[in-house]
Amino acid sequence: MMSRVYVLDAGVLFTTWTTKMDNAVLLTTSNIMAEVRNKPSQLRAETLLTLDRLRVVNPESVYLERVSKTAKQSGDSSVLSAVDIELISLALMLREEGEDVTLVSSDFSVLNTSSHLGIKYIDPSGKFRKEITWLLRCPACHYKSETPTRDSECPVCGTTMQRTPLRGRKRS
C-alpha cells in the first residue's frame, strides 16, 4: 500500500500539524521553504528534512501552466501568488503521476483552485466550505468581469472593482 503524500503550504509548517502525520510522505517546494522564516518553524522544517520526513520538490512547467489557466477560470488568479501556483502545481503533478496526494493549506484561494482541479485537500483551520467561481464587480456602475485580473480598475468608470462570488458549490 502506498503512503499518503501531503503537499504542504508554508502556513502548515508554522504549526505542529506535521507531528500528527507519522507515516506520511511530506512534500513542499523550495519557494515555500523560503517563506518559513521564524525560528521555531525553521527548526521544525529542518528537523523534518534531516529525518527525511519532508522533501523539497518543484513542479514541471506544464503543471504551472495548467494551474494558472484553472486559476483564471475560477477567478483566483488575481490573488494567487507564483508560489501558490507552484504549490498547487506540485500536487497536480504528483496526482497525475499516480500518487495518493492531498494538499494541506489554509489559504482559501489555494484550496479553491485545488478544488476546481479535483485535487484532494485538507484545510487545518476547517473554514473552507465550498468551491467558488469569482468575478469582479464594480460597486459604482455595476460592470461585471468574469475574468478577474490583478488590474482591478473598472474599464467603464475607473472605480476599483471588487471580487465577488459568481457561484459556489458545497464540497462534500
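The values are calculated or read from the model by the stated rules, or taken from the named source; none is laboratory data. What you see is a predicted model, and the numbers here were worked out from it, not measured in a lab. Cβ coordinates were reconstructed from backbone atoms using ideal geometry, including for glycine residues, and neighbour counts include every protein chain displayed.
Assorted remarks:
- Residue that is modelled with the lowest pLDDT, among those in the stretch 126-153 that are assigned to a loop (DSSP other than H, G, I, E, B) and buried (at least 20 other Cβ atoms within 10 Å of the Cβ): Pro148
- Pairs where the first residue, in the stretch 35-55, is closer than 15 Å to Val12 by Cβ and the second is at pLDDT 90 or above and part of a loop (DSSP other than H, G, I, E, B), C-beta under 8 Å, 6+ apart: Gln42/Val36; Ala45/Val36
- If the condition is being of a type in the set (Asp, Glu), farther than 24 Å from Lys20 by Cα and crowded, with 17+ Cβ neighbours inside 10 Å, then the stretch 86-125 contributes only Glu86.
- Residue count, the stretch 86-102 (criterion: in a helix (DSSP H, G or I), charged (D, E, K, R) and more than 10 Å from the chain's Cα centre (by Cα)): 2
- Unique match (being modelled with pLDDT of 95 or more, surrounded by fewer than 18 Cβ atoms within 10 Å (Cβ to Cβ) and assigned to a helix (DSSP H, G or I)) among Val83, Val67: Val83
- Candidates Ser105, Ser125 - the one that is under 9 Å from the mean Cα position of the chain (by Cα) and not charged (D, E, K, R): Ser105
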